[in-house]
Each structure stands twice: as C-alpha cells, then as structure tokens.
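Structure first, then comments.
The values are calculated or read from the model by the stated rules, or taken from the named source; none is laboratory data. Here the structure is a predicted model, which means the values were calculated and not measured. Here the Cβ is made from the backbone with ideal geometry for all residues, glycine too, and neighbour counts use every protein chain on show. Just the protein is used for accessible areas: all its heavy atoms, side chains included, with ligands, DNA and RNA removed. Shrake-Rupley method; radii C 1.70, N 1.55, O 1.52, S 1.80 Å.
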Amino acid sequence: MSKLGNLGARLHHGEVGYDFVKNRKIWYGISILITITAIVGLAVRGLHMGIEFQGGAVFTTPKNMSVSVATAEEYAEDASGHDAIVQKLGDGSMRIQVAGIDTNTSDRIKNTLAEDLEVDAEQINAELVGPSWGEQIANKAWQGLGIFLILVVIYLALAFEWRMALAAFVALIHDITITVGIYALVGFEVTPGTVIGLLTILGYSLYDTVVVFDSLKEQTRDIGKQTRWTYSEIANRSINSTLVRSVNTTVVALLPVGGLLFIGGGVLGAGMLNDISLSLFVGLAAGAYSSIFIATPLVADLKEREPAMRSLKKRVLARRLQTAAAGESPDARVSDEDYEDDSDDDSDDAAPAVVGPRDQQASRGRGRPSGKRR
C-alpha cells in the first residue's frame, strides 16, 4: 500500500489525525480575513463585465496579422475612445472587443481600424452585441442560484438536520464571495462562461461537505447513549476519516482546470479560457477548504450549544477523570468497534473511557474496576 493510502487508512480508523475542530477559531479568522479582502476588492475595483453584459461591438481581423496585441489595443482605443480588449486567436487573427458603442460608431471604428492595420475594411468582420442578452443571462443565473440554495437547504435539513443545512449554506456563500472577490482583484473579464463556472463550483463544494456530513451522521447515531466522545470529537474524526478522499477529489479536479488557466490562458495566450477556468480553480479550492475548515466545525459549534450535548460533554469529562483516578492512562482510548450502546453507563459507578490511539487498546483492561466489560 502506498504511503498516501496507508495514511488514509490510519486517518479513517482514528489512529492518527489533526484536531480541526479544536483550532476552528484560527480557520474562522483566516476565512473572515480572506472574505473581507474579497469584499473590499469587489467594492473598490468592481467586476470587469464582458461585452455580453455591457453591449458593444466585436471586430475580427484577417488571419496572420503582423501587428502585436498591444499595438492593436492602442489602435482600437484611439479609434473608439473606449477601453478595448484584444485577443490573439490561433489562426493569427485578432478579436477586438469595444463595449458601449452603437451601429454608427461601429462603422466608423471599423474603417479607422482598417486604416491603422493596413487592411481592407471589408476584411474586418464587425458584430454588434446588445446588452439585453447578457442581462437576461445574469438574471437567469441569479434565479438559478437562488433556487439552488433553497433546494440545498431544504434537502440538507431533511436528510441531516437544520444545523448542517445552515453550515453548508454559510460554506457556499463563503465560496461564492471569495471567487467573485478574486475575480475583481485579478481584473479578469466576466463573461457567460464565468457565470457557468461559478454555478458549477457550488456542486463540487456541496459534494465535499455532504461526504463529511454523512460520515458525521453515522458516527453520531445514538451519541447520547455513550460517555466516551463529545460531539466535537466525533466531528473531528469524521473530517479526518474523509480527509484523503476530499484532498484526492479536489486535486484531480484542479489539475485539468489549472492546465486551462496557467498553460492555456497564461503560456499559450488563449485568454478566452481565463473567464471560466479562474472561477473553477478558485471555487474548487475554496470549496475543499470550506468543507473541512468551515462547515463541519460550524456544525460542531452549533451542536455543542444544545443542552443534551453540553450534558454529554460533562459526562465524558467526568468519566475521564474517573478513569485517571482509577489508574488508567488519560490518553487511553477506544476503537470504532467499542462504540456501542452505553445507556447503562450513566450511573455513578460507570467505568470511564476516552478517545485515543488504537495501539493503547490492549491496556484498557488494566486498572479497570471490576464488573462487566464496556
């Protein structure tokens, strides 16, 4: 078995692990800092909306143009008086976008560009784009996002509980805010592809979260009938047991998206790939982060406020003190097989047990008060 596979097995069985829930305030602070930065970037710089949302004209030059992108961009801005976006296509032609112009202005810009680029005006293809089409896409996207979030909250509330639904909702908003904020800071153009990418990442983010929640639901079944683990400890076990799976799925998804963003858009200059690949790349990374560091710790926070969970925590701590007084190691813990119905352990003379490494299980019998095995 590979080292990663061996680590995954040990994490799943609780032999090793990192206490994500205990350090949740650190993760909350990091998320708040990133979110504030994203919001500030969005407020200061704003989103660079594509021509599909603003309206304007798209000019396509002949193939094998010898003019550089920077020069063509300068020509277009001088001719139109507006900011222009120039992209070099694979066949050597150029795609020049100028927002906020009408038909008459488009004809004038086309003729001026033909003179500057030293080509026949008939060789430049001009296409007008109305802002109503992009506005319809944006409205439909917002409607789809709202319906998606409502259905997600309802489903999670029915399949799990309202606290998990609330935590998943917070994680999704966290992912959307960070992705949109980074778009504003980077200055990439927002196109319909961006909207598609933004909606796509929500499914990935929700998948990772539901995987952890499902494990947590199974491990907390009849949690009140035992006095070995608190809810937060079981939540932390759930994160660790699914950690390798979450990391693997995220890395596998990020590799092709990263190829589109850094190689296709960066090295090869296919700028049209940036709009969708950036939203996918940032969203996938943020989704994996939020499912591990935000959603599950937040569920644990909410559950630990319940009277039943507070009472359970007191019983667990009392049992551990009794274990230490009886001579057992305070780090002695039980395995998954020992997680059973302990409803009769609530009596005052119940033998305590705590959570810890599997290799200490053999010593649990030493120092245990006489009586039936628990």
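Here are the numbers:
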{"quantity": "Sole exception among (1) among the basic types (Lys, Arg); (2) in a helix (DSSP H, G or I); (3) touching a strand residue (DSSP E or B) at 6+ places or on another chain (Cβ under 9 Å) for residue 95, by number", "calculated": "(2)"}
{"quantity": "Pick from segment 271-292, criterion of a type outside the set (Ser, Thr, Tyr) and open to solvent by 40 Å² or more (accessible area, probe 1.4 Å), ranking: modelled with the lowest pLDDT", "calculated": "272"}
{"quantity": "Residues being assigned to a helix (DSSP H, G or I) and crowded, with 17+ Cβ neighbours inside 10 Å - total across segment 42-53", "calculated": "4"}
{"quantity": "Residue 246 vs. criteria out of contact with any Cys (no Cβ under 7 Å at 6 or more places or on another chain), assigned to a helix (DSSP H, G or I), modelled with pLDDT of 85 or more and farther than 26 Å from residue 192 by Cα", "calculated": "no"}
{"quantity": "Criterion violated by residue 74 - all others in (1) under 30 Å from residue 215 (Cα atoms); (2) open to solvent by 40 Å² or more (accessible area, probe 1.4 Å) satisfied", "calculated": "(1)"}
{"quantity": "The listed residue being of a type outside the set (Asp, Glu) and buried (at least 19 other Cβ atoms within 10 Å of the Cβ), out of 212, 252", "calculated": "212"}
{"quantity": "Extreme residue, surrounded by the fewest Cβ atoms within 10 Å (Cβ to Cβ), among residues of segment 172-208 that are over 17 Å from residue 48 (Cβ atoms) and in contact with a Gly (Cβ under 7 Å, 6 or more places away or on another chain)", "calculated": "199"}
{"quantity": "Every pair of residues 6+ apart whose Cβ atoms lie under 8 Å, when the first sits in segment 58-72 and is at positive phi while the second is open to solvent by 40 Å² or more (accessible area, probe 1.4 Å) and at pLDDT below 85", "calculated": "64/91"}
{"quantity": "Subset of segment 133-185 that is in contact with a Phe, Trp or Tyr (Cβ under 6 Å, 6 or more places away or on another chain) and hydrophobic (A, V, I, L, M, F, W, C) - its residue that is modelled with the highest pLDDT", "calculated": "164"}
{"quantity": "Residue match in segment 136-151 (condition: surrounded by 14 or more Cβ atoms within 10 Å (Cβ to Cβ), more than 30 Å from residue 30 (Cβ to Cβ), in contact (Cβ under 8 Å) with a residue 24 or more places away in the chain and not hydroxyl-bearing (Ser, Thr, Tyr))", "calculated": "yes"}
{"quantity": "Single residue of segment 219-235 satisfying the filter (over 21 Å from residue 292 (Cβ atoms) and over 28 Å from the mean Cα position of the chain (by Cα)) that is surrounded by the most Cβ atoms within 10 Å (Cβ to Cβ)", "calculated": "227"}
{"quantity": "Criterion violated by residue 86 - all others in (1) surrounded by fewer than 18 Cβ atoms within 10 Å (Cβ to Cβ); (2) more than 30 Å from residue 205 (Cβ to Cβ); (3) touching a helix residue (DSSP H, G or I) at 6+ places or on another chain (Cβ under 7 Å); (4) not hydroxyl-bearing (Ser, Thr, Tyr) satisfied", "calculated": "(1)"}
{"quantity": "Odd one out for residue 29 among (1) in a helix (DSSP H, G or I); (2) in contact (Cβ under 8 Å) with a residue 24 or more places away in the chain; (3) open to solvent by less than 50 Å² (accessible area, probe 1.4 Å)", "calculated": "(2)"}
